[in-house]
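Okay, so here's the structure we're looking at.
The values are calculated or read from the model by the stated rules, or taken from the named source; none is laboratory data. Since the model is a prediction, treat every value here as computed from it, not as a measurement. For neighbour counting, all protein chains shown are included, and Cβ atoms are generated from backbone atoms with ideal geometry for every residue, glycine included. The accessibility values were calculated without ligands, DNA or RNA, using every heavy atom of the protein model including side chains. Shrake-Rupley method; radii C 1.70, N 1.55, O 1.52, S 1.80 Å.
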Amino acid sequence: MKISETDILLLPGYGKTLPGHWLLRWRDKMATARVVKQTELQVPARKQWLETLIGEVDACEKPVVLVAHSLGCILVAHAAHALKDRIAGAFLVAPSDWDREGLVKEFDGGDFRPVPLNPLPFQSHLVASRNDPYCDYERAREFAQAWGATIQDAGQAGHINLESGHGPWPEGMMSFAHFMKRLG
């Protein structure tokens with residue numbers, strides 16, 4: 001599947017996505033990509049985030065590919081069955097494990113807990129790091145297995161964000177291009 005033939009929805013995670021983050025760079029590089037803008041980034045509510053995502057998917061005219069980071073991955077797992085007939089695939093990067101106590105001091109995961117472990121009804125690929133402070137690699141493998149996603153070991157890549165040195169993240173773009181070919 002070609003990028004130009006899809007609507008790509010970029011789903012940030014918890015908190016503000018800072019300028020230079022790979023998600024924002026991808027938005028700027030792909031004409032059919034846009035960021036799903038959620039409210040309450042510091043105290044997200046699943047129902048509100050789901051409604052926003054469903055509204056964005058409903059507004060799409062082409063097959064939809066989701067690209068999610070961190071809490072955005074968990075949102076995809078919660079929304080999967082409501083969106084199953086409208087999603088061509090999901091590229092999931094550095095999921096955060098909200099079932100872990102004290103993951104973020106300011107937010108306990110709210111109603112995003114427990115993390116759904118049901119198979120996703122569309123193709124998916126999960127990129128996980130060996131030293132992600134928000135999700136152990138073995139837990140990310142459990143997510144991938146439960147969701148039916150292929151998994152990619154990103155090595156010692158932290159949370160695959162600006163703090164871990166992933167602004168441009170060219171390896172991620174290459175991986176995404178391979179995923180898109182699989183959707184063909």
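Within the range 10-25, identify whether any single residue is among the aliphatic types (A, V, I, L, M), within 13 Å of the chain's Cα centre (by Cα) and within 20 Å of Val104 (Cβ to Cβ), and answer yes or no.
yes
Tally time: how many residues in the range 54-70 are over 19 Å from Trp98 (Cβ atoms) and part of a loop (DSSP other than H, G, I, E, B)? Give the steps one after another, and end with the answer.
Quick first cut of the range 54-70, residues over 19 Å from Trp98 (Cβ atoms) only: 54-65, 67.
Still in the running and part of a loop (DSSP other than H, G, I, E, B): 59-63.
Count: 5.
Would you check which residues across the range 33-53 are in contact with a Lys or Arg (Cβ under 9 Å, 6 or more places away or on another chain), within 18 Å of Phe112 (Cβ to Cβ) and of a type in the set (A, V, I, L, M, F, W, C) and list them?
Once the filter is applied, which keeps residues that are in contact with a Lys or Arg (Cβ under 9 Å, 6 or more places away or on another chain), within 18 Å of Phe112 (Cβ to Cβ) and of a type in the set (A, V, I, L, M, F, W, C), the range 33-53 yields only Leu41.
Any idea which residue in the range 155-181 is surrounded by the most Cβ atoms within 10 Å (Cβ to Cβ), counting only those that are under 19 Å from Leu10 (Cβ atoms) and charged (D, E, K, R)?
Glu171
Going by the structure shown, is Leu120 open to solvent by less than 70 Å² (accessible area, probe 1.4 Å) and under 15 Å from the mean Cα position of the chain (by Cα)?
Values: open to solvent by less than 70 Å² (accessible area, probe 1.4 Å): yes; under 15 Å from the mean Cα position of the chain (by Cα): yes.
Taking the combined requirement at face value, the residue satisfies it.
Tally the residues that are within 20 Å of His159 (Cα to Cα), of a type outside the set (Val, Ile, Thr) and either in a helix (DSSP H, G or I) or open to solvent by 30 Å² or more (accessible area, probe 1.4 Å) (or both), restricting the search to the range 15-53.
Looking only at that region, the number is 11.
Search the range 25-47 for residues that are among the aromatic types (Phe, Trp, Tyr) and pair each with any residue that is open to solvent by less than 80 Å² (accessible area, probe 1.4 Å) and part of a helix (DSSP H, G or I) when their beta-carbon atoms are under 8 Å apart and the residues are at least 6 apart or on different chains.
Qualifying pairs under 8 Å: Trp26/Met173; Trp26/Phe176.
Would you mind finding the one in Pro133, Pro95, Pro114 that is farther than 22 Å from Ala154 by Cα and not β-branched (Val, Ile, Thr)? Outline the logic, then answer.
Numbers: Pro133 fails: farther than 22 Å from Ala154 by Cα; Pro95 fails: farther than 22 Å from Ala154 by Cα.
One residue alone meets the criteria, Pro114.
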